[in-house]
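Readers should treat all values here as calculations from the given coordinates under stated rules, not as data from a laboratory. Everything numeric in this text was worked out from a predicted model, so none of it was measured. Virtual Cβ from ideal backbone geometry, glycine too; neighbours counted across all protein chains shown.
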């Protein structure tokens, strides 16, 4: 499918974001409908934990749905089953994208042995996994001497270099779309890469299908571990310690996740780096050209935590005390305006992202988003100080 520019592209994207409960002006509407009320830090921390659990549960359920769709595709490769698998992958990215605001403070997702890299590692060297243009024998799939098991793929992850990604969403993405060799749209891997001769278009069809299904199994298990870590009514998991511990320390972690995603990761690693290099390989979801939606979901995740409001994948709204309920009226007003500006700017970025960073108009739109995200991060630093948290870290660690 070729992406459409201009009005039709924005209408299509608007339909998508409205369907998941977001519009470019959603923050302003939410502020006007639900006035902020004073809350204690403990109440904000407890509700934050409820949102985290719900968000990871949604991501887990969407991963299960993706796994089922991949099983159908591998069992019966066709143009229609491949398209269904791609659509399931896109749906699975919605909730996970919002969950990235729970990173950057050594929680269950990215502690020393956390699964974040295995779930969402990028950028990905395609030739580490499968054939690429000019090298039909590249990758793990083309190596029959390498067993395709969960344990082996986990061990191979980042072996010999951080771009040697062997698991996660983006490995699945590559196996569905293939390399993106078009300036106008996503990758175009044919479904016949998965069928047996004489109609096969690539070798090692069975290993490719086995790899895809093994990745889905790993993804489901990793997300399930996060659901369990944040599950309520348990005395021995991370959530129990988070909620029952020092509330001010928990608040520091919450704002650290928001600020670091905002500036270090989203404004920096995902947008500014791509602006500098103009390299498609620095695009987050480069095979599917889904990066513009990733950006919106990340920004929405920050908004969710601020408002204490999360729209679940089934449409149920989870609402309670959020960061805003700890702030003065002046800071509430400033942050509401800043979040509204941010959502407008990230929404304005047009797909495909790799073409956006290559044109003067597109680069201006991406740069505008970078600047407003940086301004939002600075405001979060100010908010942290007002709440007794000095020297908030919003850059990625070296």
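General remarks:
- The stretch 244-324: C-alpha gyration tensor shape, a/c 1.5 cut-off, then a/b vs b/c: oblate
- Rounded to whole Å, sorted largest first: equivalent-ellipsoid semi-axes of the stretch 6-386, Cα gyration tensor: 36, 24, 18
- Relative contact order (%) - criterion: Cα under 8 Å, at least six apart; region: the stretch 85-143: 14 percent
- Between the beta carbons of residue 137 and residue 278, assuming R0 = 35 Å, the FRET efficiency works out to 0.70 to the nearest 0.05.
- For the stretch 307-398, the square roots a ≥ b ≥ c of the C-alpha gyration tensor eigenvalues yield an a/c of 1.5 or more together with a/b not exceeding b/c, which makes the shape oblate.
- Euclidean distance of C-alpha centroids, the stretch 166-230 and the stretch 366-398, integer Å: 36 Å
- Spin-label pair residue 151/residue 330, simplified geometry with 7 Å Cα→Cβ offset, distance in nm: 6.2 nm
- Residue 378 paired with residue 68, simple spin-label distance in nm, labels 7 Å along Cα-to-beta-carbon: 4.9 nm
- A crude spin-label estimate for the pair residue 396 and residue 246, with each label 7 Å from Cα along the Cβ direction, gives 2.8 nm.
- Cβ-Cβ FRET estimate between residue 162 and residue 40, R0 fixed at 51 Å, reported to 0.05: 0.80
- Inter-part distance where the stretch 96-113 and the stretch 262-301 are each reduced to a Cα centre, Å: 17 Å
- Based on DSSP H segments of at least four residues, each scored -39500 (n - 2.57), the chain has a per-residue ellipticity at 222 nm of -18000 deg cm²/dmol.
- Take every pair of alpha-carbon atoms less than 8 Å apart whose residues are at least six positions apart; their mean separation over the length of the chain yields a relative contact order of 24 percent.
- Modelled FRET efficiency - R0 30 Å, residue 337 with residue 314, Cβ distances, 0.05 increments: 0.45
- Between 70, 124, 156, the residue with the greatest mean-square fluctuation in the GNM of the chain (Cα pairs under 10 Å linked by springs) is 156.
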